[in-house]
1. Kindly count the pairs of lysines across the chain whose alpha carbons are less than 15 Å apart, treating pairs on different chains or eight or more residues apart as eligible.
2. Charges at C-beta only: +1 for Lys and Arg, -1 for Asp and Glu. How large is the resulting dipole of segment 300-457 about its Cα centre, in Debye rounded to 20?
3. In Å², what does the accessible area per residue of the chain work out to with a 1.4 Å probe?
4. Using a simple charge model, +1 on the beta-carbon of Lys and Arg, -1 on the beta-carbon of Asp and Glu, nothing else, what dipole does segment 125-269 show about its Cα centre, in debye to the nearest 20?
5. To the nearest whole percent, what portion of all C-alpha pairs in the chain is separated by more than 36 angstrom?
6. Specify the angular offset, from 0 to 90 degrees and rounded to the nearest 10, of the alpha carbon long axis of helix 435-453 from the longest principal axis of the alpha carbons in the chain.
7. Once the piece of chain linking ASP110 and VAL291 is laid out straight, how much longer is it, given 0.36 nm per residue of separation minus the C-alpha distance between them?
8. Using the beta-carbon distance between GLU247 and TYR362 and R0 = 56 Å, what value does 1/(1 + (r/R0)^6) give for FRET efficiency, to the nearest 0.05?
Amino acid sequence: MAFNRSLFDDPSTGGGEGAVSEDESLGPLPERMRPRTLEEVIGQEAVIGESAFLRRAVAEDRVPSLIFWGPPGSGKTTMARLMAAETASHFVPFSAVTSGIKEVKAVMADAERLRRAQGRRTLLFVDEIHRFNRAQQDAFLPYVESGDITLVGATTENPSFSLNAALISRCRVVVLEPLSLDQLSQLLRRALQDPVRGLGDSGVAADEPTLALVAQLASGDARKALNLLESAVADAASGSLDRLDPEQVQRVAQRKVLLYDKSGEEHFNLISALHKSLRESDADAAVYWLVRMLEAGEDPLYLARRLVRFASEDVGLAEPNALPQTLAAWDAVHRLGLPEGALALVQCTVYLALAPKSNALYSAYKKAKRVLEERPADPVPKVIRNAPTRLMGNLGYGSGYVYAHDTETGVGGLDCLPEALQGERFYQPKDSGFESELGQRIASYLELREAARKPEG
């Protein structure tokens, strides 16, 4: 977006250096339609609504350092520019992709000089701030603390994972939500009707269902929605059409690009959604999340591994065939790849969703692990130690051992846990699926073992 320096310097405009150029016919549609005032912003009412803190902070010219955390196209850059435009701040945009520590220090020095010479604060907007390493992030700290800059960082990554704790503690994290379908449709309608900044003079119209389709294809991203609308209108105009239709929009879009970052938070959100849908025995939701991840480009072998894990963690011995089923699906997708192997994953997902559930194996593992962490390594009871040498036999190794196969009941009555843990229960099956039978077997073996310990007669 172009900036008009004479406009910035004119106090009568009432804005700072974030104001936009009056030449609104240049640039792509998302830039032309970028809001010029907070009143033009669609969505984010919790942040900039009439009673929201940011609206009050801008009105009183006391904007604190902020971290805007939200998906692409949710308005992070727009709001940073508007905050500068509607306050007395000097706006400096900065990209963490193309800049390093040298550029950071130069900008900080300029901000310090401006503050001393004019008493004017610099609003430093750092796009994709999560791309800065720890040392680069630390370079901001003294200038944020001194008040030389108001730092506004934008990130699509969870700040808890991607930013220094020291930096987060000095900034207010503002969460921006993706735009809803209704909000995107409103934005598209405005762009299609605006004859100056938008497409109002294109001679191309669109009905509400078509705009709703464009909004749906954008997955909450305003920039993506406006770019798609501009492309669709240009395509229609080139064919001498005066109206957009859903088929044409689909053709221009080619395919829906889902919001997904295989290394970021959304990756973990989606795999969590899949896992919890399976645990809830909701086959429809589980298939949806699985296919969504596949269509977004997730590694199918990663999904296969997660299903194998689920088979043991959440199904366990309530359905003993769950583990072989998941291993078979893993082998199928490994041999076939995509798209052929996708159905094997879907089959496995439905099987797991509808299988009886038990976390008894997972609970047994956690309990045994906790005991090992809390207690010393208790010695193996001598009765079940191996005695391959005479010395070991003389020391009592294997003394009193009863070979279970030689008994009538198949148990020898031995205490196989360390003495301090005898009687402890780790695996406690639930009354679900095959585990209900396993619970009966355990109770039977406990009785047989107790009876075998009692002296005859």
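1. 4
2. In debye, rounded to 20, segment 300-457 gives about 480.
3. Accessible surface, normalised per residue, equals 53 Å².
4. 200 debye
5. 53 percent
6. In the chain, helix 435-453 runs at an angle near 30 degrees to the longest axis.
7. 60.1 nm is the gain from fully extending ASP110 to VAL291.
8. Efficiency computed from Cβ-Cβ geometry: 0.70.
The values are calculated or read from the model by the stated rules, or taken from the named source; none is laboratory data. All of these numbers come straight from a predicted model, not from anything done at the bench. Cβ: placed from backbone, ideal geometry, glycine included. Neighbour counts: every protein chain shown. When the accessible area is computed, the model is the full protein with side chains, heavy atoms only, and any ligands, DNA or RNA have been set aside. Shrake-Rupley method; radii C 1.70, N 1.55, O 1.52, S 1.80 Å.
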